[in-house]
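Since every read-out is calculated from the coordinates, none of them should be taken as a lab result. Note that the structure is predicted; figures quoted are calculated from it, not measured. Cβ placement follows ideal geometry from the backbone for every residue including glycine, while neighbour counts extend to all protein chains displayed.
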Amino acid sequence: MRQLHAKSVPDRAARILVLLTALAFAASAAADGAKPTVDRVPTTMSSAGFVITGCCAFKPALSAPGLISAQKAVAIASRKVDRTNWQKPTAFLAKLVGSVTYGFTTKLRTVRNPTAWVVTFTGRNSVRVGLGPGGAGPKMLHDTVVLDAKTGEFIRGFYTA
């Protein structure tokens, strides 16, 4: 039978306590940096950014020379939606997290974390979107258009509740 030295039990307990404390701080730091997952685009960008359920993630971006204005982004995005229903656009600058391929035909581009204008329209009426075996999907009240902040090119669009 192995005997424990009187000094080894407190030392082991102290090491375990230090390890648990470090893990608790690491978990807290990870939670502080976590982006909230939301079911629609917020009206403003938080410092943590956000993730749209089942779609994409955004983080804050700073304005820089050479970017199109918010007004121009709204004007471009307005041409991509049916303005009889989609109204009251809001826009903010963000970085679309990850690699993104966009463009049409021979002008395809893949970029990482592009700076983009996120323009969200609110519907006068909710709209069922999507196709599938069960018919149209749930009713949506927001239509978001994401544009390259440098060129104004369409990156992606999505509907949210």
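When the convex hull of its Cα atoms is viewed from all sides, segment 78-161 shows a mean projected area of 6.5 nm². A straight chain from R109 to S63 at 0.36 nm per residue would run longer than the Cα-Cα distance by 14.4 nm.
The label-point distance for K150 and N125, in a model that sets each label 7 Å from Cα toward Cβ, rounds to 4.2 nm.
For segment 116-129, backbone phi angles converted through the Karplus equation (6.51, -1.76, 1.60; θ = phi - 60°) give residue-by-residue couplings of 9, 8, 9, 10, 10, 10, 9, x, 5, 10, 6, 10, 7, 10 Hz, Gly and Pro being listed as x. The tail of the calculated P(r) for segment 30-105 beyond 22 Å holds 34 percent of all Cα-Cα pairs.
Note on T53 and T37: the model spin-label points, each 7 Å out from Cα along the C-beta direction, lie 0.9 nm apart. For segment 115-161, the pair-distance distribution built from all alpha carbon pairs, in bins 5 Å wide starting at 0, is 5, 22, 22, 18, 16, 11, 5, 1 percent. If R0 is 25 Å, the Cβ-Cβ spacing of S99 and L141 corresponds to a FRET efficiency of close to 0.25.
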